[in-house]
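Working notes, beginning with the structure itself.
The values are calculated or read from the model by the stated rules, or taken from the named source; none is laboratory data. Values in this document were obtained by computation on a predicted structure and should not be read as measured data. With ideal geometry, Cβ positions are generated from the backbone for all residues, glycine too; neighbour counts draw on all protein chains shown.
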Amino acid sequence: MIEFWLSAGLLLLAALSFLLIPILRGRRRQQEEDRTALNVALYQERVAELAAQQAAGVLDEAQLAKGRDEAARELLADTEGSEPPRQGQLGKTLPLLAAVLVPLMALGLYLHFGAADKVELTQEFAQAPKTMEEMTTRLERVVKAQPDSAEALYFLGRAYMAEQRPADAARTFERAVALAGRQPELLGQWAQAQYFAADKQWNPQLQALTDEALKADPNEVTSLGLRGIAAFEGERYQEAIDYWKRLLAQLPEGDASRAALQGGIDRAAERLGSEPGPAVAPVAARLTVRVELAAALKDKVKPDDTVFIFARASNGPPMPLAAKRVTVAQLPIEVELSDADAMMPQMKLSDFTEVQLVARVSRTGQPTHGEWIGQGSPLATATQATQHLTIDSPDP
């Protein structure tokens with residue numbers, strides 16, 4: 001903002017110059033008029049003196065005429081280059097009053113109708129945010145300053161989802177849809193947020209939103225993923241496979257989501273291959289883990305740094321099967337990981353026989369990367385004993 005106010009000040013000085021320069025010029029013209037009047041008075045005095053000398057017999061007619069000519073030439077020489085007299089005077093009071101009121105009025109109008117908040121946000125976004133929470137706060141300010149920006153609402157909704165705030169995300173995406181129209185991508189994001197806000201329960205509204213999105217764009221990725229989840233949970237495994245294969249075809253090679261998606265397809269195929277037959281309820285997996293922070297790291301972390309505690313398959317996709325989120329201030333802590341903490345319904349602890357426990361400190365709030373980590377050895381998902389993890393190593 002300092003650069004802005006300096007620029008504004010220079011512009012005000014330029015504006016003042018247009019008002020003050022005429023006053024200064026007026027003073028100079030007045031001085032020139034006073035000098036001209038003095039020269040005329042001296043000329044008249046000289047002519048009168050010559051006439052008196054001629055009357056006294058000191059000068060004849062020729063000498064008188066010559067003296068008058070010399071006095072006239074001197075008058076012309078003294079007044080040459082002077083500007084013509086001004087026809088009207090603006091006066092001093094009005095320009096000075098305008099010089100004061102114009103900047104004040106301009107400042108008042110700018111503060112009322114201007115965009116100082118947008119200038120501040122532009123300068124703030126020039127620096128990368130340090131945490132996800134900071135990014136969310138900035139986006140909230142952008143939406144407040146530009147409530148009619150569907151793009152700002154979209155990114156705010158994504159930030160809410162990253163912070164595991166699906167209810168806030170659902171309301172934000174709803175506003176974005178109202179502004180930008182019922183675009184397939186927005187409908188898919190809105191449906192996804194509502195799904196997680198409803199505790200992963202499918203409902204007719206989600207069905208309608210994803211139907212509308214896929215009708216407009218058959219390859220809308222978020223809707224394809226959600227429909228696959230709904231089909232899997234409804235034991236319609238072939239339908240789930242179809243949706244996820246369509247989604248897999250949209251993902252570029254090397255995308256981190258491909259492995260997890262393929263794992264879901266494989267499990268749906270396994271369930272499909274076991275039909276028909278008596279349904280066997282999977283054994284619910286439940287792991288208890290106590291997480292501590294190494295003493296050597298206590299001065300290197302902050303109390304509000306995020307800690308992710310999760311279990312991932314020892315031989316399978318790298319994404320977490322079950323996860324919990326706490327802060328450094330809560331350590332040491334004991335948590336329980338189960339199928340209820342699954343990141344995706346088709347990938348649960350009970351679907352795997354062996355997992356690895358991990359605890360990660362992430363200042364940016366990103367579960368996939370952080371500063372410090374603690375990892376356990378592979379263990380069976382049927383393990384009943386409490387496991388211990390110590391966060392003591394740099395995150396590779």
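Could you check how many residues of the stretch 223-263 are closer than 20 Å to F196 by Cα and either touching a strand residue (DSSP E or B) at 6+ places or on another chain (Cβ under 8 Å) or not in a helix (DSSP H, G or I) (or both)?
4
Is there a residue being modelled with pLDDT of 90 or more, assigned to a helix (DSSP H, G or I) and among the small types (G, A, S) anywhere in the stretch 177-187?
Yes, the stretch 177-187 contains a residue that is modelled with pLDDT of 90 or more, assigned to a helix (DSSP H, G or I) and among the small types (G, A, S).
Within the stretch 283-295, identify whether any single residue is part of a helix (DSSP H, G or I), at pLDDT 85 or above, assigned by TED's automatic domain parsing to the domain that holds V361 and surrounded by fewer than 19 Cβ atoms within 10 Å (Cβ to Cβ), and answer yes or no.
yes
Step by step: first the residues of the stretch 353-375, then only those that are closer than 17 Å to A285 by Cα and in contact (Cβ under 8 Å) with a residue 40 or more places away in the chain, then the one that is nearest to the chain's Cα centre (by Cα). Which residue is that?
V358
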